[in-house]
Amino acid sequence: MRFGFYMSLLVLFFSACTTAQFAPSLLDKVYEKRRSPEEIEVYKTQIPDKKYIEIGSVHACCGSIDKIVILLREKASQAGGDALISIDAHASQGMSAAVIRFE
């Protein structure tokens, strides 16, 4: 019984470990979702050559790099973004990026 309780706590702890938040650039502007998370483009070091607007920023922490990138894409998709740019990785604080929408 005790083992099951501790295992439940561990599962809960590790499943809730990775979190992500989106902060919009303009609080009164909402964009319609138009891409799935898998379709969100990721520009690690370059800037897209298409015209775009920055609609906000996203930050995720406390997990593997792969899991963090998935969360960043999910939040960008939910916010109506098309791509992530200016990705900044912090050793202990996760990753952040600007969310953009192509014009």
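Working out 0.36 nm times the residue gap between T18 and T45, then minus their Cα-Cα distance, what length gain in nm do you get to one decimal?
Full extension of this stretch gives 7.3 nm more.
List the equivalent ellipsoid semi-axes of region 18-102 in whole Å, largest first, each obtained as the square root of 5λ for an eigenvalue λ of the Cα gyration tensor.
19, 14, 12
How large is the charge dipole for region 18-102, taken about the Cα centre, if only the Cβ atoms of Lys, Arg (+1) and Asp, Glu (-1) carry charge, to the nearest 20 debye?
100 debye
Sort 50-62, 20-32, 71-83 for me by packing, meaning the mean count of neighbouring Cβ atoms within 10 Å per residue, highest on top.
Result, highest mean first: 71-83, 50-62, 20-32.
Every number in this text was worked out from the coordinates using simple rules, so none of it is lab data. The model shown is predicted, which means the values in this text are computed figures rather than measured ones. All Cβ positions, glycine included, derive from the backbone under ideal geometry; neighbour counts span all protein chains shown.
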